[in-house]
1. Is it the case that the stretch B:262-272 has a residue that's within 30 Å of A:ASP209 (Cα to Cα), more than 9 Å from chain A (Cβ to nearest Cβ) and buried (at least 19 other Cβ atoms within 10 Å of the Cβ)?
2. Could you count how many residues in the stretch B:274-288 are under 21 Å from B:GLY241 (Cβ atoms) and facing another protein chain (nearest Cβ under 7 Å)?
3. Among (1) on the phi > 0 side of the Ramachandran plot; (2) small (Gly, Ala, Ser); (3) surrounded by 13 or more Cβ atoms within 10 Å (Cβ to Cβ), there is one condition A:GLY167 misses while meeting the rest; what is its number?
4. Please determine, by comparing only the residues of the stretch B:226-261 that are within 11 Å of chain A (Cβ to nearest Cβ) and buried (at least 24 other Cβ atoms within 10 Å of the Cβ), which one is nearest to the chain's Cα centre (by Cα).
5. Which fully enclosed helices (runs of 4 or more DSSP H) of the stretch B:202-288 have 3 or more residues being modelled with pLDDT under 80 and among the polar types (S, T, N, Q)?
6. Kindly indicate the residue of the stretch A:84-129 that is hydroxyl-bearing (Ser, Thr, Tyr) and away from chain B (no Cβ under 14 Å) and also nearest to A:ALA214 (Cα to Cα) among those meeting that condition.
7. Would you confirm whether or not the stretch A:129-145 contains a residue that is modelled with pLDDT under 85 and of a type in the set (Gly, Ala, Ser)?
8. Do you know which residues across the stretch A:1-44 are charged (D, E, K, R) and within 19 Å of A:ILE283 (Cβ to Cβ)?
Amino acid sequence: MARPAGIFDIRYEQDIAVVRTMPQWITLGLFLIFLVVLPQLFPDRYFLNIINIIMIMIISVHGLNILTGFAGQISAGHAAFMGVGAYACASFMTFWGLSFWLSLPLAGLTAGLVGILFGLPSLRLKGFYLAMATIAAQFIITAFFLHFKPEIFGGGTGMSLEPIRLGNIVFDTQDNLYYMIMPFAVIMTYFAQNLVRSRMGRAFVAIRDNDLAAEIMGISLFGYKLRAFFIGCFFAGISGCLYIAFMRTIRPDQFSLMDSIWMLGIIIIGGMGSIFGGILGTIFIKLLDEIVLVLTPFLGSVLPRELASRISASMALVVFGLVVVLFLILEPRGLAHQWEILKGRFRHWPFTYGH
Amino acid sequence: MYFLFYFLLSGVYLGALYSMIALGIVIIYKSTKVFNFAQGHLLMVAVLLGATLSQTFGIIIGMVLTVAATALIALLLERLTLRPLIGQPLIAALLMTIALGYLIEGGSLMVWGEGLYRYPELFPTEPFSIGSIAIEQGVVWAFVVVAVGFAVFVLFYQKAVLGKAMRATAEDHQVSQSMGIRVTHIFSISWVIAAVLAFVASIFLGSFSGGHYLNSHLGLKAIPAVLVGGLDSIRGAIVGGFIVGLLESLVTGYMSGELGEVVPFIVLLIVLMIKPYGLFGLVRIERI
């Protein structure tokens, strides 16, 4: 890891620290303060709504990034695992009467276990075959929620929840929800960032780069692939649970194949195998979404009616497709790589060389 | 009994369609190692093009123009978007074809809108009848085309020089390049063949259900067909297509339509658990 000149690690604790230098501590502190006061800075509630969705998505994207970006197991069914978390959370609360705070980790565990179940083929399947097995998981899980026991899962209308409470606080406004979701996003990001540089994270990277070589070096492929599936889907489950606390109602069609593909697109755009990249990618895609939403009525007022309605129907598809295609061709390492280049420029300024 | 026969018949029709889509995917995969998720979208564009072009230019010229336009689209896709990805990890090509699918779907939504387009009637409407059972001519032709197509491709891959070159490319890009095979040409040719297959499938799909932008979702259902048979096997694509088509039709008929959509994927998971490379796929031995 690159460090400014004159910064040396003289103790082991320094070497393994996440935050190494004083400026980094200050930036981190300022950033956390910024996160805490953010609702006060932006009085627009719609904006806060977007931030909340981004935070929930970020947790899920971290899971997919660990599974696909680090461990190399392509999952095209991540939204379905998010759905498992959401449905598990709602079922625990509705039918077992558990509190939300107990359902949250349980929902994460449930999603993780379902992830292990669908990760089982990963020992024998690789690459495309595994990606297809996860697409199969996507269809099977959403069909399960749609058709299995409508009296429990509500079929096409889905499930709904009362607002979440903690003591006297009711999480029903965007502000309150923000303060509930934000700490989870921060904790899960910290957890993900720490995990990928641990023994397990390095094992994941080894498996991604060459699984046979990793196995010969003593990494248990079966164990670590399943662990990757468990952790990735655990993140998805937590995210799904927060999602239902945020939306209060869920339907099976909110966790479609399209959403899974969007998440894969996010980690490509952000940068595979970079936790920071996952955050950048989520923000980028979500903002793009909003731009499309704003642009559509504008086009409707400028263009003739027939053309405008066609364009507004197809805009999201075209924009998303185009962005992914362009990123894959022009910057396959994603926004995180561009960020590194930018940092390098500053570090070496006024010289143009460096990296 | 009558119902069973009817379900089997519609299963054969669906199976023939899936087989044609799966064949296109397999041919591209065999030589380029790219799984073409956009094959269903090519099919959808071919139907829409066929419907509109044959209306303006008449059936024969319209069909010729359609096959040319579809091939051109496939050629451009390969040249502009997939060629730069050679050497990139698997997920890049995977996401690329998915994103291309979205682009094509969005593009045709922009050009054609959400309407249903009437396809010219190419098959005589009078059904074959065996006793009291009537079989639509299109179904019979679909089955015949798949059978002939299978024979042609088996012969092509075994006898023709180009077919042998394509098999060599599938085996190893570098070695075949050093043997004097233009690997990039092979890539283009595979995509053109897949486009022509998409056009052939579009004739049957168009005659039965007309042109609509949601036709592309058939491509999604061809995925289990390809993988059940094995990604690199022509025989597998045909057999897989019919397995999935018959299963879907029978389950839809006797149980429920929603289950019919899922059953192919459940079968896919089971087959992959037992035979990871599909029924006829080539088992590759890996070395470090």
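The values are calculated or read from the model by the stated rules, or taken from the named source; none is laboratory data. All figures in this text were calculated on a predicted structure; none of them were measured in a lab. Virtual Cβ from ideal backbone geometry, glycine too; neighbours counted across all protein chains shown.
1. yes
2. Here is the first cut: in the stretch B:274-288, the residues under 21 Å from B:GLY241 (Cβ atoms) are B:274-282.
Filter once more, so that each one left must be facing another protein chain (nearest Cβ under 7 Å): B:276.
Looking only at that region, the number is 1.
3. Evaluating A:GLY167 over (1) on the phi > 0 side of the Ramachandran plot; (2) small (Gly, Ala, Ser); (3) surrounded by 13 or more Cβ atoms within 10 Å (Cβ to Cβ) leaves (3) as the failure.
4. Within the stretch B:226-261, the match that is nearest to the chain's Cα centre (by Cα) is B:VAL226.
5. It comes to none.
6. A:THR110
7. Looking for residues that are modelled with pLDDT under 85 and of a type in the set (Gly, Ala, Ser), one finds none in the stretch A:129-145, hence no.
8. Once the filter is applied, which keeps residues that are charged (D, E, K, R) and within 19 Å of A:ILE283 (Cβ to Cβ), the stretch A:1-44 yields only A:ASP44.
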